[in-house]
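Working notes for the structure below.
The values are calculated or read from the model by the stated rules, or taken from the named source; none is laboratory data. Bear in mind the structure is a predicted one, so any value in this text is a computation, not a measurement. In this analysis, Cβ positions are derived from the backbone assuming ideal geometry, glycine residues included, and neighbour counts consider all displayed protein chains. In case anyone asks, the SASA skips ligands and DNA or RNA and just uses the protein heavy atoms, side chains included. Shrake-Rupley method; radii C 1.70, N 1.55, O 1.52, S 1.80 Å.
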Amino acid sequence: GHAPADFQIKTVRMETVATNTRELAGDAVSRDENAGGTATQEMAKRWIEDGKPKSVLIVPAKRSRNFTRRLISAIAEVAPDARVVNAVGTGKANSERLRVALAADAGVTRYEDSSTDIIIACKRFDEGTDWPLCSHVYNYGIPGSFGLILQRWGRAFRCKAGIEGHPFPDAARITFFVPKV
């Protein structure tokens, strides 16, 4: 197996308020956040500060359509050239979009040949998804299960040593964006 030398867990406290455990765990977007919270801007800002790594941004599964649109807009504001794959939602179109993006990057041996910078997903990315280029995971909320935290963080644990020019070859980082309670 591969164990990266640079693995980190970070938390960013949000100004929005979670009113129940589902919102705190990131299973649903709070009304406060949906009404114009700052989590989307914070996630985009943190991605820039971290050096625009190949990342998965995990958004809540419930009430996340507006949140996802705002997140895509926030990313476009700070990095208009960012290549974002939106895999949020149910249906074949969303799963196909993710499958195509992952297939395009599956054989990449040079970082610059990648066609995706960010994948926005919810539960779809939890198991059975492999994107070896990923070094960072940004997660809205704190999952209630340690196993789920490890599963999501594990998306960044893939060995990147064979990818020429990867700026984070030995990194596996997860950042939690945590609402107040």
At a probe radius of 1.4 Å, what is the per-residue accessible area of residue 77, in Å² to the nearest 10?
-> 150
Could you order 10, 92 so the one with the most accessible surface comes first? Probe is 1.4 Å.
-> 92, 10
Over segment 1-123, average the accessible area per residue using a 1.4 Å probe and give it in Å², no decimals.
-> 52
Give me the angle, in degrees from 0 to 90, between the Cα long axis of helix 92-106 and the longest principal axis of the Cα atoms of the chain, rounded to the nearest 10.
-> 30
Would you mind counting up the charge near residue 18? Only other residues with Cβ under 12 Å from its Cβ, with Lys and Arg at +1 and Asp and Glu at -1.
-> -1
Check cross-link reach from residue 160 to the lysines: straight Cα distance under 19 Å, and skip same-chain residues fewer than eight apart.
-> 52, 54
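Please list 24, 98 from largest to smallest accessible area, probe radius 1.4 Å, with all protein chains kept in place. List each step's numbers first, then the result.
Details: 24 60, 98 10 Å².
In descending accessible area the options line up as 24, 98.
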Residues whose built amide H sits under 5 Å from the amide H of residue 14, excluding neighbours closer than 5 in sequence, are 178, 180
For segment 57-74, Karplus-derived ³J(HN,Hα) couplings (6.51, -1.76, 1.60; θ = phi - 60°; whole Hz; x for glycine and proline) come out as 10, 8, 10, x, 6, 9, 6, 10, 4, 5, 4, 5, 4, 5, 5, 4, 5, 5
Any idea how far the Cα center of segment 113-181 sits from the one of segment 32-79, in Å?
-> 15
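So, with +1 on the Cβ of K and R and -1 on the Cβ of D and E, and no other charges, what is the size of the charge dipole of segment 107-156 about its Cα centre, to the nearest 20 debye?
Charge dipole, segment 107-156, about its Cα centre: 180 debye, nearest 20.
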Please grab the % of Cα pairs in the chain that end up more than 30 Å from each other.
-> 12
Sort 115, 55 from largest to smallest accessible area, using a 1.4 Å probe on the heavy atoms of the protein chains.
-> 115, 55
Zone of residue 77's modelled label, taken as backbone nitrogen in segment 103-147 under 17 Å from a point 7 Å along Cα→Cβ | none
